[in-house]
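The values are calculated or read from the model by the stated rules, or taken from the named source; none is laboratory data. Computed from a prediction, not measured in an experiment: that's the story for all the values here. With ideal geometry, Cβ positions are generated from the backbone for all residues, glycine too; neighbour counts draw on all protein chains shown.
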Amino acid sequence: MENVSVGDQVVVHHGWWKADDPWVQAGKDPILAPSAAIWGYNTNFGSFGQFCVAQAHAVLPKAPHLSWEEAAAPTLVGTTAYRMLFGWQGNILQEGDLVLVWGGSGGLGGQAIQLATTHGAQAVAVVSDDERGEYCKSLGAVGYINRKNFSHWGIPPHWTDTAGQKEWLSGCRAFGKAIWDVLGERRSPEIVFEHPGEATIPTSIFVCEAGGMVVICAGTTGYTASVDLRYHWVRQKRLQGSHGTNDEQAAAYNQLVYDGKIDPCLGQVYRFEEIGQAHYDMEQGKNVLGNKVALVGAPEPGLGRK
Ligand SMILES: NC(=O)c1ccc[n+]([C@@H]2O[C@H](COP(=O)([O-])OP(=O)(O)OC[C@H]3O[C@@H](n4cnc5c(N)ncnc54)[C@H](OP(=O)(O)O)[C@@H]3O)[C@@H](O)[C@H]2O)c1
């Protein structure tokens, strides 16, 4: 291994693939390869730094100013958000663009807001209360929308249900107007940063700018994406799946963290024996700001800074 020596402080990104995979050998994006997997999720090499097995290409320098738990906090969500915003030719985030970020105070969302703003774009966050919204603003969001003020979520009524469609559309339009109210001008997002899925995707596609992209990496509320094709084709929008990261994207993201341009958004820190509590808190929607981290090898928080 040429990129790492014994004693180096490192982080590991989650892109994993077989080096002899013909797709990889052909020089194509390796995270799309048949052998591609998410390290630590699809693979089970564990999370004990002393014992885990990682591929050399995924090992990156840890930012020296960060503690172990700060360094661990954003590696998954940050690299994923980077690919979502900068990985899709034709809809790569541009300076001056507007990004609508669902779950802005969560793991992915906090990274997406910062990636957008450090790139000279604007981010409007969607959240479920004011505390989360203010947190998004502290990360650089122009403002936020409280999704609890709307009720048109989920699969829209069938297009033959005229009355139902009318009501659903008025909910969508009100949500779109809320974006304009935050911005103080009538602009639609060039990129909608999605992960809730079923509950929100029809709205995301509706509010997306013509020629824009709704990019999605999860479906936490469900997997059925209902798309009104009339708006989709006439306004020539893109619905793009995104998953994991490749080496270039992970390295570019890690450099931003290394240079102190991106805050890792460390949330609640749990001791190893509290991991069950962390899962319970996640299920209960507690300690929701930023990324939850469990200390695995570190005996206490705050270690690892140089
Ligand atoms: N494919 C990949 O490579 C990849 C990588 C990383 C993560 N993921 C997945 O992405 C998802 C999100 O990860 P995360 O770390 O950001 O999770 P998180 O920190 O729990 O944040 C999720 C956010 O979703 C929002 N949310 C919850 N219910 C919602 C609803 N009904 N409508 C709209 N928003 C809702 C919440 O914000 P409010 O309640 O404030 O709206 C919350 O902050 C997870 O499923 C994760 O597994 C995928």
Output for the range 264-285, where each listed residue is touching a residue at least 12 places away in the same chain (Cβ under 8 Å) and in a loop (DSSP other than H, G, I, E, B):
PRO264, CYS265, ARG271
Kindly evaluate GLY164 against the criterion of being surrounded by fewer than 20 Cβ atoms within 10 Å (Cβ to Cβ), of a type outside the set (A, V, I, L, M, F, W, C), farther than 20 Å from THR245 by Cβ and more than 15 Å from the ligand (Cβ to nearest atom).
yes
So, first residue over 20 Å from SER226 (Cα atoms) and of a type in the set (Ser, Thr, Tyr) in the range 237-263, second residue part of a loop (DSSP other than H, G, I, E, B) and more than 15 Å from the ligand (Cβ to nearest atom), Cβ within less than 7 Å, six or more apart or across chains; the pairs are TYR258/ALA63
Can you name the condition, by its number, that LEU289 falls short on among (1) modelled with pLDDT of 95 or more; (2) away from the ligand (no atom under 12 Å from the Cβ); (3) hydrophobic (A, V, I, L, M, F, W, C); (4) not assigned by TED's automatic domain parsing to the domain that holds VAL127?
(2)
Say whether the condition of being over 11 Å from the mean Cα position of the chain (by Cα), crowded, with 24+ Cβ neighbours inside 10 Å, in the same structural domain as SER204 (by TED's automatic domain parsing) and aliphatic (A, V, I, L, M) is met by at least one residue in the range 101-114.
no
Quick check: anything in the range 71-83 away from the ligand (no atom under 14 Å from the Cβ), out of contact with any helix residue (DSSP H, G or I) (no Cβ under 6 Å at 6 or more places or on another chain) and either outside the structural domain of CYS265 (by TED's automatic domain parsing) or in contact (Cβ under 8 Å) with a residue 60 or more places away in the chain (or both)?
yes
Checking the condition surrounded by fewer than 21 Cβ atoms within 10 Å (Cβ to Cβ) and either farther than 29 Å from ARG187 by Cα or at pLDDT 95 or above (or both), which residue from GLY244, GLY222, GLY212 passes?
GLY222
Can you tell me which of (1) within 11 Å of the ligand (Cβ to nearest atom); (2) touching a helix residue (DSSP H, G or I) at 6+ places or on another chain (Cβ under 7 Å) is the one TYR231 doesn't meet?
(1)
